[in-house]
Number of protein chains: 2
Amino acid sequence: MSFDKLDKLGTKLHALSHALSILGADEATHMAPGGGEARAEAMSVLSGMHHRESVAPEIGDWLDAAEQEDLSDDQKAAVREWRRRYVGLTCLPPEFVERQTRASMRCEQLWRDLRARNDWAGFAPVLQEVVELERERAARRGEVLGLSPYDALIEMYDPGSRVEQIAPVFDELKTFLVDFVPRALEVQEKRREKAPTRPLSGNYPIEKQRELGLAMMAAVGFDLTRGSLSVSHHPFCGGVPTDVRITTRYRSDEFLSSLMGTLHETGHALYEQNLPKEWAHWPLGEARGMSMHESQSLFVEKQIGRNPAFWHWALPLVEQHLGESWSQDEILDHVHHVERGLIRVDADEVTYPLHVILRFEIEQELIGGTLEVTDLPEAWDERMKRYLGLSTIDSPKDGPMQDVHWPSSAFGYFPSYTLGAMMAAQQWNAIKREIPDLDDQLSRGEFEAVNDWRRKHIWSQASRWSTPELIERATGEPLNARHFREHLEERYG
Amino acid sequence: MSFDKLDKLGTKLHALSHALSILGADEATHMAPGGGEARAEAMSVLSGMHHRESVAPEIGDWLDAAEQEDLSDDQKAAVREWRRRYVGLTCLPPEFVERQTRASMRCEQLWRDLRARNDWAGFAPVLQEVVELERERAARRGEVLGLSPYDALIEMYDPGSRVEQIAPVFDELKTFLVDFVPRALEVQEKRREKAPTRPLSGNYPIEKQRELGLAMMAAVGFDLTRGSLSVSHHPFCGGVPTDVRITTRYRSDEFLSSLMGTLHETGHALYEQNLPKEWAHWPLGEARGMSMHESQSLFVEKQIGRNPAFWHWALPLVEQHLGESWSQDEILDHVHHVERGLIRVDADEVTYPLHVILRFEIEQELIGGTLEVTDLPEAWDERMKRYLGLSTIDSPKDGPMQDVHWPSSAFGYFPSYTLGAMMAAQQWNAIKREIPDLDDQLSRGEFEAVNDWRRKHIWSQASRWSTPELIERATGEPLNARHFREHLEERYG
């Protein structure tokens, strides 16, 4: 049976992926500094082996044949998802992929240096080349997949999501936020007039912060027998579902940034740890995509981790580990801090979507050819002023040079962040309808019911459905901005 | 050129080896406990890929062709060593390899349980099957390689070493030790009558022991930018030459066992860290074999680490890290402790060779067919009584069930341990002839000159020569038991 041939190849590809995932996580956590060159060489060779085995022409024949075989519904879904991956991997000529990889690697390397020097003039022509190749990729992929060029890029990160469905939701959210951000800031100011902020400063030994982080991870559902917490410069969730490696970084003068980061990565980890084991070596068994993954991390970080009920339970744990007593109002003042800023990764949950929507709008114009790289700083500045009342015109490094995504040819990725935030709120709303005492459960540190819902409706579904299908099946309705809007109004309004 | 084809394949095999080495070290140090099954599956698939690529028939053609190409001396040596590996990997029919692998895996698994229960009657028939297959392997390998069956097994671990050369040296050593062990014990007793042993006990925080271990590793030459020290249940040296992972385990009630273990693994690590980089992806660039590797670990642990001059330098370091002052006599009383015992891995450097020689002699009879498994307990007991004055007849778990080697089909491995000890002493003697103030250097914590010698004569030579050639080229004479004998007499006589 061709299905069995795919199954066998899946085992082989899975072993290579396992090695690459662990080698990647190890590189950022335990590798000796001098080991980098040999590690990069080994990973590049193994990636090449994985790619060559993944695009072999006989896979197309096996998929054709398997589609005619007498298969169970699960098996049919497995073949369908593999087909989707295979088409995605083989729809571009190898010489084009090489050309684009070279250009974006060069651009990303130059970007690190040029951004540090705020050198837009040096950066623009290099980015221009990347944008031109990305336009070509979008057109080529779009032709094969029967999608518009920009949709064909989104499809790489978020299968099934389309501009047609994202744009109106983002528009609604934007209109709301442009009005809501000033209101939230006003609410915050009034709150602080009554009760001034208690400074988040002290001396918190890293080992104690680590113990606190581990205790919270375990409480919200992280299986410590199938994963671990380490330190790295950039926090991430990596490894493999049976051994999920999450990382954080510590500051000894405050504990909240590491803790919230750990909760965020724990959200990613829960998704990975709860994927269906029987399909682990098939594309079907992997997490759905970037936006659904982000919805899981944001669910734990924002819906749970910034929920007042959660802190009712968490504050005694903080006191137990760090020996410091905070009132709920004092900690929520930090946990719910809102601030207009230039930098997306530093933004809070109220302002963050405006950063994303700005990029989503500009990306479409760049890929569509209605905006050129030379006009980027003005386009960015104009939107920043409108959406957040801030100007970046004098500082391109905080404007269009801010993120690694564009230099590395990852157009179409940005929407995932805010789609994830909206889907997290929509899931929260759906759970709350099923479990009316959800906040009470949180305030007692009980996460079983909420995790059971997520296991049943999201985690166990892996890559069986497209993103829009999955969110609709899980919550009973298509993506709806209302839930995120109401969440923000309730928490910050 | 066929040489270039080999070079390209070497890069691919090297990437797979890199992954397997790091995954293996990671498994014992950082892996989550629940990750074992998926890790074993991934490593088994990757090992299979490595094996299949290593025995491909076209490699034989490439080697034939490369031998006719116009190559430098280095390149010729590289092809020669690859040929040796290739013959070793392909000289047995795959169905025989599978049969033997299955039998020894089964035996090793049963052994873990049966040894714990001291169940010789249950173990003997399972071992019998392994011995019969090992006889067949020895005969088959011997025929292809033109060696006697037992030599054909030794060749797997120690290229070029032969019974003809090992047996007389071991005989000489055995005769000496049977007489010397009682003398050494008497010397020890008299010493302790004058100055009673200061108990090695206290409360030593693991973090401080770790810092002490790292300080000693760095001092004796370990490059901490290209390696690290972790904790594992069984200490080992693993990883890759650019990122050597050594491990130890700690007891909080004494510090010496972890420290000496760390020095031992550091010896292995120095060999790996100083192999020639330009041949890293060729068999030529790997360490020579088991006995030479053991000579490097024992060099650091015994020749350096148990040298009185070393402790002149080391004791202030111990005091600095552990806050405890020891006199040289007090610490050497522990460092030079001699004791007759049943267990090889617990033996000191005086009694250890008798454990090995016993196994070497019995192995030859087992492979030669002059001894059967059923007669093993008596044969073992008879020699234990003669060599060490101890009986194991009532406790087969401390006799022929003691080691993992035989259940796992590793006949021919044991001699490496004592060959390593002898070669370490012989290297020490050669260095001392070149550097007369060697002890003074040690007592000042200066290890550059001794490492320069080893880098030039051993490490940089990698797999260019057979073991006997390498030791003769390095020290100016063939393996000679006299150096080890004199070493023991000087230290323990």
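The values are calculated or read from the model by the stated rules, or taken from the named source; none is laboratory data. What you are looking at is a predicted structure, and each value in this text was computed from that prediction instead of being measured. A quick note on method: Cβ atoms are made from the backbone with ideal geometry, for glycine too, and the neighbour counts reach across all protein chains shown. Side chains included, ligands, DNA and RNA excluded: accessible areas come from the protein's heavy atoms. Shrake-Rupley method; radii C 1.70, N 1.55, O 1.52, S 1.80 Å.
Tabulated results
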item	result
In Hz, Karplus ³J(HN,Hα) per residue of the stretch A:288-305 (6.51, -1.76, 1.60; θ = phi - 60°; x = Gly, Pro)	5, x, 5, 6, 5, 5, 5, 4, 6, 5, 6, 4, 6, 6, 9, 5, 8, x
Within the accessible area of chain B (1.4 Å probe), percent carbon and sulfur	51 percent
Under-5 Å amide H pairs with B:V231, H placed in peptide plane, nonlocal only	B:T248
Distribution of pairwise C-alpha distances over the stretch B:219-349, 5 Å bins, in %	2, 9, 17, 21, 20, 15, 8, 4, 2, 1
At 7 Å out from Cα toward Cβ: A:E489 inter-copy label distances (nm, ascending)	9.7
Fraction of antiparallel bridges per DSSP, the stretch A:161-493 only, in percent to nearest 5	50 percent
Pseudo-label separations to other copies for B:V187 - Cα-to-Cβ vector, 7 Å, nm	8.4
Viscosity 1.002 mPa s, 20 °C: Kirkwood-radius Stokes-Einstein D of the stretch A:1-159 over Cα pairs, µm²/s	116 µm²/s
Estimated [θ] at 222 nm from DSSP helical runs (n ≥ 4, -39500 (n - 2.57)) normalised by residues in the protein assembly as shown, nearest 500	-21500 deg cm²/dmol
Value of relative contact order over chain A, rounded to a whole percent, pairs C-alpha under 8 Å and six or more apart	20 percent
Tensor-based shape of the stretch A:1-90 (alpha-carbon gyration tensor, a/c under 1.5 rounded, otherwise prolate or oblate)	prolate
Threshold 30 Å² - residues in the stretch B:23-54 whose accessible area is reduced by that much or more when the chain is no longer isolated, probe 1.4 Å	B:L23, B:D26, B:H30, B:A32, B:G34, B:A38, B:R39, B:A42, B:V45, B:L46, B:M49
Rounded to 5, the percent of DSSP beta bridges in the protein assembly as shown classed as antiparallel	50 percent
Unsatisfied cross-links (Cα-Cα over 26 Å) in the set A:K76/A:K302; A:K174/A:K302; A:K277/A:K432; A:K12/B:K5	A:K76/A:K302; A:K277/A:K432
Gain in span if fully extended, B:H405 to B:R444, counting 0.36 nm per residue against the direct Cα distance	10.0 nm
Computed E for B:I343/A:L256 - FRET, C-beta separation, R0 41 angstrom, nearest 0.05	0.15
Charge sum, other residues only, whose C-beta stays under 12 Å from B:W453's C-beta, Lys/Arg counted +1 and Asp/Glu -1	+2
Binned Cα-Cα distance frequencies in the stretch A:223-287 - 5 Å width, integer %	4, 18, 27, 21, 14, 9, 5, 2, 1
Three-way shape call for the stretch B:413-493 based on the alpha-carbon gyration tensor, with the a/c threshold at 1.5	oblate
Around A:R112: net Lys/Arg minus Asp/Glu count, Cβ-Cβ under 15 Å	0
Residue-count net charge about B:L419 - beta-carbon cut-off 9 Å; Lys, Arg +1, Asp, Glu -1	-2
Copy-to-copy label separations for B:I343, where each label sits 7 Å from Cα toward Cβ, in nm and ascending	5.5
Separation of the B:V187 and A:D61 label points, Cα + 7 Å toward Cβ, nm	7.4 nm
Compactness of the stretch B:67-182, expressed as Rg and Dmax over alpha-carbon positions, Å	19.3, 61
Projected-area average for the stretch A:286-368 over all orientations - Cα convex hull basis, square nanometres	7.9 nm²
Loop-resident sites, the stretch B:1-47, for GluC sites (Glu not before Pro), counting at most 16 other Cβ within 10 Å (DSSP)	none
Cβ-derived FRET efficiency at R0 30 Å, A:E324 paired with B:E319, nearest 0.05	0.20
Euclidean distance between Cα centres, the stretch A:292-333 to the stretch B:126-181, Å	65 Å
For the B-to-A rotation axis, chain B residue with nearest beta carbon and its distance in angstrom	B:A19, 2
In order through the stretch B:102-109: 3J(HN,Hα) via Karplus (6.51 cos²θ - 1.76 cosθ + 1.60), integer Hz, x for Gly, Pro	4, 5, 6, 5, 5, 5, 5, 5
3J(HN,Hα) from dihedral phi, the stretch B:425-437, Karplus parametrisation 6.51/-1.76/1.60, rounded to Hz, x for glycine, proline	5, 5, 5, 4, 4, 5, 5, 5, 5, 7, 10, x, 8
Rough spin-label spacing in nm, given labels placed 7 Å along Cα→Cβ, for A:D394 and B:M156	7.5 nm
For the protein assembly as shown: accessible area per residue (Å², 1.4 Å)	41 Å²
Interchain or long-range residues, amide H under 5 Å from A:V244's placed H	A:G227, A:S228
Under 21 Å from A:K397, Cα to Cα: lysines that are on another chain or at least 8 residues apart	A:K385
Dmax and Rg, reported as Rg then Dmax, of the protein assembly as shown (C-alpha, Å)	32.9, 95
Accessible area that becomes buried as A packs against B, both chains, 1.4 Å probe, Å², nearest 100	2300 Å²
Ratio of Rg to Rh over chain A (Cα coordinates, Kirkwood Rh, two decimals)	0.95
